[in-house]
Structure formats: structure tokens, C-alpha cells
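Colleague: After the C-alpha cells below, expect a handful of questions from me.
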Amino acid sequence: MALERTLSIIKPDAVAKNVVGEIYSRFEKAGLKVVAAKMKHLSKQEAEGFYAVHRERPFFSALVNFMSSGPVMIQALEGEGAVLKNRDLMGATNPKDAAPGTIRADFADSIDANAVHGSDSLENAAIEIAYFFPATDVYTR
Ligand code: RTP
Ligand code: MG
């Protein structure tokens, strides 16, 4: 497996629940290192830009409203097979379908308030990391 980076967001619901540390602990136990991080309250425009691939979908405005409803914790994670590893830790989009022990099974309330975002491909990971972090703010550890 190759060393990869992926973009993770702890969404407003999970930040409000005060489980940032619990979620970071899962990254660490899985061998994913935080190589960039910041807390940020996204504007609607920033959330729209981030989820632009979904702009024609019926849930787009709900998604943008939710993602800009409170501060999020944004991090780049690095590790062997980081993109898929993070998606495995997250669980299915709808927490009702998420496997026991995944972040969404344990912390998400609904398909809208589903605790975390993770890049879905290596290509998108690079785009998403660059959306939030200048290269000088991503560290090799
Ligand atoms: P994310 O991008 O946030 O990591 O989530 P994902 O890959 O698991 O799911 P994606 O298909 O990319 O959808 C992005 C977010 O939109 C909301 N969604 N709602 N009501 C619906 O049918 C629906 N489908 C997706 C979810 O909050 C999802 O995380
Ligand atoms: Mg997605």
C-alpha cells in the first residue's frame, strides 16, 4: 500500500457533541497522522465550493446549510492507504447503514448530520486538501 493523504472534516454536529478528541483517537489508532488541521466556521460560499460536485443534487441546499451551521474541524490525514482507511473508519453515509464501531454508527444522527466527511478518491483528496490548506501548512511527520 502507498503512503497517501486524505481530507477529513469533523462536521458541525460532531463538533457540537464535543467528540473531536474521540474521533482523532480513532485516526491515531488506525495509523493515520494529522498533518494539517484547523477549526473553521464555513461560509455558505465556502461550503458550496467544497461540495460543488453535488450542486445539482436535491440535497445540495440542505448540505450547504448544515455544513455552514457551526464550526467544523478540518484535517489532512496521512498514512498507508489513507483514503480508503478513513472511509472505512467513517462507515456508510447513512448512519442507519453504517457498520457497528464506525464513526458514523457511533456519533451520527442522520444522513444529513453524519459527523464526518472523507475524500472518496486520491484525486479528490489532493483537490480537497488544497481547497483548505496551502502546501506550506501541510507537514511531513
Ligand atoms: P461526505 O462527502 O460528506 O464524506 O459523504 P459521503 O461521501 O459519504 O456521501 P456523498 O454522496 O458524497 O454526499 C455528501 C453528503 O450529502 C448528504 N447526502 N444526503 N439525503 C440524501 O440522499 C443524501 N445523500 C447524501 C450527506 O450528508 C453526505 O455526507
Ligand atoms: Mg462524498
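Each reported figure results from applying straightforward, stated rules to the coordinates on display, with no laboratory input. Because the structure is a prediction, the values reported are computed rather than measured. Every residue, glycine among them, receives a Cβ derived from its backbone with ideal geometry; neighbour counts consider all protein chains shown.
Colleague: From the C-alpha gyration tensor of the chain, pull out the three semi-axes of the equivalent ellipsoid (sqrt of 5λ each), sorted largest to smallest, in whole Å.
Modeller: 21, 18, 14
Colleague: Same structure, new question: Which peptide among 71-78, 132-139, 53-60, 84-91 comes first, and what is the full order, when sorted by highest mean count of other Cβ atoms within 10 Å?
Modeller: Put in order of decreasing packing, that is 71-78, 84-91, 132-139, 53-60.
Colleague: Note the full-extension length gain between Arg55 and Thr140 as 0.36 nm times their separation in residues minus their Cα-Cα distance, in nm to one decimal.
Modeller: 27.2 nm
Colleague: Relative contact order for the chain: what is it in percent, counting Cα pairs under 8 Å that are at least 6 residues apart?
Modeller: Relative CO of the chain lands at 38 percent.
Colleague: Find out how many positive minus negative residues lie around Ala108, taking Lys and Arg as positive, Asp and Glu as negative, among other residues whose Cβ is under 11 Å from that of Ala108.
Modeller: Around Ala108, the surrounding residues sum to -1.
Colleague: For n ≥ 4 DSSP H runs only, could you compute -39500 (n - 2.57) per run for the chain, divide by its residues and tell me the 222 nm figure to the nearest 500?
Modeller: -10500 deg cm²/dmol
Colleague: Would you please state which residues of region 96-140 a label at Val20 would reach in this model, taking the label point 7 Å out along Cα→Cβ and a backbone N cut-off of under 16 Å?
Modeller: Residues 115-117 qualify, since their backbone N sits under 16 Å from the label point.
Colleague: Among 44-50, 3-9, how do they line up by average Cβ neighbours within 10 Å per residue, starting with the highest?
Modeller: Ranking, from highest mean packing down: 3-9, 44-50.
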